[in-house]
Each structure stands twice: as structure tokens, then as C-alpha cells.
Amino acid sequence: MTITTTDPNRMADTLDVTILTHTGGEKGRYYGGRTISIRRDLGPINRRCTIAHELGHLALGHNPAATGWCQLRQEREAETWAARLLITPDKYREAESAHGPHAGAIASELEVTTHLVHVWREHHERKAA
């Protein structure tokens with residue numbers, strides 16, 4: 001799958017993904033095929049990151065019925081996919097240069113969650129090693 005945008009909403013439109021909403025429970029859910037659901041009370045940053053995460057499940061061909069270690073592996077893979085989609089090395093460098101290593105400030109600058117900043121760092125530190 002070729003990615004031509006870093007905007008998860010535009011990507012969902014391009015891929016003809018149906019985005020449903022739900023109340024309570026998990027932030028997002030990939031149902032298989034081209035359907036995801038996002039909790040309706042999420043703010044814009046959490047919504048953006050959750051859509052990217054759920055699109056990661058789609059792009060990676062994950063099985064929504066997976067359980068146990070397989071489900072955990074799929075969650076880590078979707079987190080990494082979302083972090084790589086939403087955080088480019090150049091944008092990360094610019095944010096870190098402006099704010100130092102503070103993950104919260106970098107996340108705010110990049111309009112992502114602090115969790116995704118940590119996931120991105122872990123991926124790039126392993127890759128660099």
C-alpha cells in the first residue's frame with residue numbers, strides 16, 4: 001500500500017474506509033475489511049492518532065479476531081505504523097530543537113499523543129542502534 005498523505009482522515013477517505021462512532025469503551029476498533037469505529041468523545045488529537053492506529057491494522061492486514069500474544073503484537077505494530085505515519089524525522093527534529101527532549105511539548109507541537117512520541121522514539125532508537 002502506497003501512502004501519499006499523513007492525514008489519517010484523508011487516508012481513510014482515499015481507502016474508502018467507513019468510520020463509525022461509538023460511546024464508551026476502547027478508543028478505536030478495527031472490524032476488518034474497511035470499517036473502523038472511533039469513540040465519539042475523543043478530542044481532535046486523540047481522534048487523529050486513533051484513526052491512524054486503526055488504519056495501521058488495515059494496512060498491515062491484521063486479524064481483528066486475534067487474541068493473546070498475537071493481539072498484543074498487532075497492537076504494537078499498529079502503534080508503530082501510526083507513529084511513523086504521523087511523525088516524520090524532520091518534523092520530530094524541528095520539534096525537539098524547539099522544545100528540547102520533553103515528550104509532552106514535542107507531542108503538542110506535532111499534534112500527536114505523548115504515547116506516540118514514545119513509540120516513535122523507541123522505533124528510531126532501535127533502528128539507529
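The values are calculated or read from the model by the stated rules, or taken from the named source; none is laboratory data. Quick caveat: nothing in here was measured; it's all calculated off a predicted structure. Note that each Cβ is placed from the backbone with ideal geometry, even for glycine, and that neighbours are counted across all protein chains shown. Note: areas computed on protein heavy atoms with side chains; ligands, DNA, RNA excluded. Shrake-Rupley method; radii C 1.70, N 1.55, O 1.52, S 1.80 Å.
Tabulated results
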item: Residue in the range 63-80 that is under 8 Å from the mean Cα position of the chain (by Cα), of a type in the set (A, V, I, L, M) and more than 17 Å from Arg10 (Cα to Cα) present; result: yes
item: Selection from the range 71-111 of residues that are open to solvent by less than 20 Å² (accessible area, probe 1.4 Å) and closer than 13 Å to His57 by Cβ; result: Gln74, Ala78, Ala82, Leu85
item: Residue in the range 66-83 that is in contact with a strand residue (DSSP E or B) (Cβ under 6 Å, 6 or more places away or on another chain), touching a residue at least 24 places away in the same chain (Cβ under 8 Å) and not aromatic (Phe, Trp, Tyr) present; result: no
item: Residue within the range 33-51 that is touching a Cys at 6+ places or on another chain (Cβ under 8 Å), open to solvent by 30 Å² or more (accessible area, probe 1.4 Å) and either part of a helix (DSSP H, G or I) or farther than 19 Å from Ala12 by Cβ (or both) present; result: no
item: Test: Asp41 is at pLDDT below 95 and either closer than 18 Å to Ala66 by Cα or not basic (Lys, Arg) (or both); result: no
item: Helices (runs of 4 or more DSSP H) fully within the range 52-129 counting 3 or more residues that are small (Gly, Ala, Ser) and farther than 19 Å from Gly28 by Cβ; result: 89-99, 103-110
